[in-house]
Amino acid sequence: MKKEALFYEKLDQNRVHCFLCPHHCRIPPDGRGICGVRKNIGGALYSLNYGEISSIGVDPIEKKPLHRFHPGTLILSLGSVGCNRKCPFCQNHSIARVKPEEIHTYQGDSDEIVAKAVSLRSRGNIGIAYTYNEPSIWYEFVYETAEKAKEKDLMNVLVTNGYIEEEPLMRILPYIDAMNIDLKAYNETFYRDLVKGDLEKVKETISRSARRCHVEVTTLIIPGLNDSREEMEDMCGWLASLSPELPLHLSRYFPKYEMTDRPPTPLGTLLELKRIAERHLKYVYLGNI
């Protein structure tokens with residue numbers, strides 16, 4: 001289902017300028033943004049994945065991962081299609097690196113999703129997590145659902161890469177209770193060359209969000225790319241400047257998708273980086289081991 005998008009302006013020659021994320025795509029007629037789910041139709045920008053649900057389930061909150069936010073509870077988790085990153089090591093590429101018409105989805109309704117979350121309270125469900133693919137490019141549906149969830153005293157969780165502009169972020173944050181933000185590396189070369197992004201923009205998202213809701217950070221440690229001791233020292237020093245109680249999850253890399261030329265992260269590397277991180281941060285966890 002398509003819905004007119006938020007956060008865009010019309011340009012000449014029926015082009016549109018999307019400013020949902022820092023890519024700021026300028027999209028010609030019938031073209032799409034980098035995310036693959038925002039399309040110029042007749043000189044207006046539309047979200048193609050509005051209400052399109054690819055995955056839904058009830059997960060432990062720790063699986064998001066959120067270890068310091070209502071541990072031991074469950075959360076209704078759902079995702080759609082597409083992403084504004086181009087990670088060659090994507091763990092969810094079957095839904096994140098495709099277009100809506102390329103996979104089977106079902107049309108969801110925000111009222112039904114909220115009602116489902118409420119009905120699961122007796123099982124320990126505390127709310128709704130927008131996860132599996134990048135929720136920020138599903139913005140119109142996530143915003144609408146999160147607003148309705150709040151009216152029912154449900155909690156909203158974003159599991160995100162943090163690549164979103166300030167205006168849309170600040171508009172949705174009043175409805176968000178917790179976020180896990182993927183800080184993919186702490187060097188600009190990694191962001192620029194490997195995932196086509198900007199480290200500083202992600203840092204801005206982490207900083208703004210950590211002042212307004214519960215935030216935990218995840219970094220996938222990839223051998224030879226973001227596993228240096230110096231980088232971990234710098235990254236954790238910066239995170240600690242926000243709060244030494246900001247939880248960090250260090251996740252183990254396994255060959256996946258388009259990046260199969262590297263071995264899994266050695267456990268010894270993870271343990272050493274964890275020791276470095278713990279010089280700065282109170283809560284450091286290892287994942288995917």
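Can you compute log10 of I(q)/I(0) for the range 60-205 with the Debye formula, treating each Cα as one identical point scatterer, at q = 0.09, 0.10, 0.14 Å⁻¹?
At q = 0.09, 0.10, 0.14 Å⁻¹ the computed log10 ratios are -0.28, -0.35, -0.68.
Beyond 14 Å, what share of the Cα-Cα pairs of the range 186-273 remains, rounded to the nearest whole percent? Could the numbers behind the result be given before it?
Numbers: 2609 of 3828 pairs.
Taking all Cα-Cα pairs of the range 186-273, the fraction more than 14 Å apart is 68 percent.
Accessible surface of SER55 in the full protein assembly, 1.4 angstrom probe, to the nearest 10 Å²?
30 Å²
Rounded to the nearest 20 debye, what is the charge dipole size of the chain about its Cα centre when +1 sits on each Lys and Arg Cβ and -1 on each Asp and Glu Cβ?
Computed charge dipole of the chain: roughly 280 debye.
Using a simple charge model, +1 on the beta-carbon of Lys and Arg, -1 on the beta-carbon of Asp and Glu, nothing else, what dipole does the range 1-159 show about its Cα centre, in debye to the nearest 20?
Charge dipole, the range 1-159, about its Cα centre: 420 debye, nearest 20.
Using a basic spin-label model with each label point 7 Å from the Cα along Cα→Cβ, how many nm lie between GLU166 and SER119?
Going from the GLU166 label point to the SER119 one covers 4.3 nm.
Once the piece of chain linking LYS196 and HIS67 is laid out straight, how much longer is it, given 0.36 nm per residue of separation minus the C-alpha distance between them?
Here the answer is 43.5 nm.
Comparing ASP227, ASP59, ASP153, which has the greatest mean-square fluctuation in the GNM of the chain with Cα pairs linked when under 10 Å apart?
In the Gaussian network model the winner is ASP153.
In a GNM of the chain with a 10 Å cut-off on Cα contacts, which of ILE61, ILE41, ILE181 has the highest mean-square fluctuation?
Answer for the Gaussian network model of the chain: ILE41.
How far, in nm, would the chain grow between LYS152 and SER207 when pulled straight, counting 0.36 nm per residue and subtracting the alpha carbon separation?
Going from the current span to full extension adds 17.0 nm.
What does the net charge come to around ILE75 if you take all other residues with beta carbon closer than 13 Å to its beta carbon, with K and R at +1 and D and E at -1?
Values: positive: LYS63, LYS64, LYS116, ARG121, ARG123; negative: ASP59, GLU62, ASP177.
Here the count lands on +2.
Taking only Cα atoms and a 10 Å spring cutoff, compute GNM fluctuations for the chain and point out the largest among MET155, MET259, MET179.
MET259
With Rg and the Kirkwood Rh both taken from Cα atoms, where does Rg over Rh land for the chain?
Rg/Rh for the chain comes to 0.96.
So for the range 127-236, what percent of the C-alpha to C-alpha distances run longer than 22 Å?
Result: 33 percent of Cα pairs exceed 22 Å.
Which order do the peptides 82-89, 191-198 take when ranked by the mean count of other beta-carbon atoms within 10 Å per residue, highest first?
Ranked from most to least packed, the peptides come out as 82-89, 191-198.
The values are calculated or read from the model by the stated rules, or taken from the named source; none is laboratory data. On a predicted model such as this, the values are computed, not experimentally measured, just so you know. Because the Cβ atoms are built from the backbone with ideal geometry, glycine has one as well, and the counts that use them run over all protein chains shown. Each accessible area value is taken on the protein alone, full model and side chains, heavy atoms only, with ligands, DNA and RNA left out. Shrake-Rupley method; radii C 1.70, N 1.55, O 1.52, S 1.80 Å.
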